[in-house]
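Structure, as C-alpha cells:
Laboratory data are not the source of any read-out in this text; all were calculated from the coordinates shown. Because the structure is predicted, anything quoted here is derived from the model rather than measured. So basically every Cβ, Gly included, is an ideal-geometry build from the backbone, and we count neighbours across all protein chains shown.
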C-alpha cells in the first residue's frame with residue numbers, strides 16, 4: 001500500500017500543534033524531575049528510581065487505561081491528561097516555593113507523572129488512527145515521533161536555560177503553561193466520537209481479559225511485543241538513565257545533561273523521519289526493527305568504553321535513532337495488525353512494554369551501575385539483548401508467514 005502523508009488529513013493537522021505543546025511541556029517537566037534526582041542525591045540508584053517511577057505505572061495501569069480508551073472519546077481523554085500534567089508542574093513549583101521540594105516530594109511528583117503518562121499514551125494511540133486513513137498510519141506515527149523527540153531536545157534545553165537564567169520555580173511554571181497551551185488545539189478537533197459503539201456491552205474486567213486473550217492468541221502481535229520488550233530494556237533504559245550517565249561517566253552539570261538529552265532528541269528526530277517515510281509494508285517494518293536492535297546492542301556496549309563528551313553524544317544520538325526506529329516500527333506494526341475493536345486494549349499492552357519495561361530496566365541498571373560502574377553493566381545488557389534477539393529471530397519466519 002503506498003505511503004500517504006498524515007498532513008493530508010485535516011483532523012491530524014489540527015492535532016499536530018497540540019502534540020507539539022504537550023510533548024514540549026512534558027519533556028521540560030521530565031528533565032526537571034530527572035535533574036532534581038541527581039542534584040538532590042548524586043546517586044545513580046535514585047536517578048533510576050525516579051526514572052522508574054515516571055514509567056512504572058504503565059506496567060500496571062496501561063491495560064486499564066486501554067479499556068478506557070476504547071470506551072471514551074480519545075480527544076476528551078487527552079484534554080484531561082494534558083491538563084493534569086500541567087497541574088502537576090504547578091504543584092511542583094508551589095512545593096519549591098514552600099520549601100517542601102525534597103526527595104519525598106520528588107518521588108511523589110515522579111509517580112504522579114507516571115500515572116498521568118500511563119493514561120495519556122494509550123488514549124493518544126487510540127486517537128491518532130481516528131484522525132488519518134490506514135495508509136497514513138506510518139506517516140502519522142513517524143511525525144508523532146519527530147514531535148516527541150524534537151521536544152526531547154527543546155524541552156531539556158529550555159529547562160537547563162531556565163535553571164541557569166532564572167529559577168526552578170520558573171522552569172516548572174513554563175512547563176505547565178506549555179502543556180496547557182495544547183488545550184485550545186485539542187478543542188478544535190471535531191468529528192471524533194467514542195471509539196467503539198459496543199465498548200460498554202461487556203464488563204470492565206471482561207474487556208481486560210478479552211484484550212489479553214486476543215494478544216496472546218495473535219502470534220504476530222506476540223512477537224512484535226517481544227521485539228518491543230528488548231528495545232525497551234536496551235535503548236530506552238539507557239536514555240532514561242542519561243542523568244546518571246552524565247554524572248558518573250562525565251561528572252557533568254545540568255548543561256552536560258541537556259547536551260546528552262539533545263543528542264538523544266536529535267537521533268530520535270532522525271528516526272521518526274525514517275519511519276514517517278515508510279509505507280505500511282509489514283514485512284519491511286519487521287526487517288527494519290530486527291536489524292536496528294542488533295546494531296543498537298553493539299552501540300550500547302561501545303558506550304561504556306567512551307569517556308569524552310563528543311563520543312558519548314554521538315553514541316547516544318545513534319542509540320536514540322535506532323530506539324526510535326524500532327519503537328515506532330513496532331507501534332506501526334501493532335496498529336496495522338490489530339482489529340479495531342481491540343485497538344485501545346492491545347496498544348495499551350504495547351505501551352505497558354514500551355513505556356513500563358524501561359522502569360524496571362532503569363532501576364536495575366542504575367543499581368548495578370552504583371556497584372559495578374556503567375561499562376560492565378552496559379556490556380551485560382547488550383549481550384543479553386543480542387541473545388534475546390537471536391531467539392526472536394528464530395521465530396521471525398513464522399511471524400512473516402502471518403503478516
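Annotations for the structure displayed:
- Extension reserve of the residue 284-residue 337 stretch, reckoned as 0.36 nm per residue once the Cα distance is removed: 17.7 nm
- Computed over the range 114-185, Kirkwood Rh from alpha-carbon pairs, angstrom: 14.3 Å
- Column: log10 I(q)/I(0), Debye, Cα scatterers of the range 72-116, q = 0.15, 0.26, 0.30 Å⁻¹: -0.42, -0.88, -1.03
- Whole-Å distance, taken between Cα centres, linking the range 26-57 and the range 77-135: 14 Å
- Dividing the radius of gyration of the alpha carbons in the range 1-129 by their Kirkwood radius gives 1.04 for Rg/Rh.
- For the range 13-63, taking the reciprocal of the average inverse distance between every pair of different Cα atoms yields a Kirkwood hydrodynamic radius of 12.5 Å.
- Taking 315, 103, 84 in turn, the Gaussian network model of the chain (Cα-Cα springs below 10 Å) assigns the largest fluctuation to 103.
- Computed FRET value (nearest 0.05) for residue 391 with residue 60, which takes r as the C-beta separation and R₀ as 25 Å: 0.40
- Distant alpha-carbon pairs in the chain (separation over 29 angstrom), percent: 39 percent
- Residue among 372, 298, 61 with the largest mean-square fluctuation in a Gaussian network model of the chain, springs linking Cα atoms under 10 Å: 372
- Stokes-Einstein translational diffusion, the range 86-151 - Kirkwood Rh over all Cα pairs, 1.567 mPa s, 4 °C, in µm²/s: 91 µm²/s
- Rh by Kirkwood over Cα pairs, then Stokes-Einstein D for the range 288-403 at 0.692 mPa s and 37 °C, µm²/s: 208 µm²/s
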